[in-house]
Every structure is written in structure tokens, then in C-alpha cells.
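The values are calculated or read from the model by the stated rules, or taken from the named source; none is laboratory data. This structure is a prediction, so every number in the text was calculated from the model and none was measured. So basically every Cβ, Gly included, is an ideal-geometry build from the backbone, and we count neighbours across all protein chains shown.
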Amino acid sequence: MYNYQRLRDIREDMDKKQEDIAVVLNITRQQYQLYESGKREMPMHHFVILAKYYNVSLDYLAGLVDTPKKLR
């Protein structure tokens, strides 16, 4: 099982719904929910898309560091 709590936290901080993020990733809400709940591993290319979307570094999005670093 994977820990993707950061995905939920950042999504909620941005006042986005799971449906909104699913559209960004071009997947179903159900698929995104599996990622966010940790029931399925999210592919790296989705992490890259979300890092750009949220304008944060990959290490922050993956939960490796606790301080967000802007991409731009």
C-alpha cells in the first residue's frame, strides 16, 4: 500500500475536487481516488503533470520533503 496523503492535502488546499484532478490527468475520478487512497501506485508521468499543475517540486509532491519548492 502506498502513502499519497500529500496528494489529498495539496488538492484540498487548492480547493479542488477529485474530479478536477482526474480531468487534469485525463483519467476517471475512480482511478484518481485509488491513487489518492494509496490502493494503486500512481505512474511517474502523473506526478510530473501534477507537479506542474500545482507548481511544486516532485520531491514535495511525493512527500520526500515537507517544504514546498515552487517550480517557477
Legend entry - Extreme residue, modelled with the lowest pLDDT, among residues of segment 23-72 that are in a helix (DSSP H, G or I) and charged (D, E, K, R): ASP59
Legend entry - Subset of segment 1-19 that is of a type outside the set (Lys, Arg), in contact with a helix residue (DSSP H, G or I) (Cβ under 8 Å, 6 or more places away or on another chain) and part of a helix (DSSP H, G or I) - its residue that is surrounded by the fewest Cβ atoms within 10 Å (Cβ to Cβ): GLU19
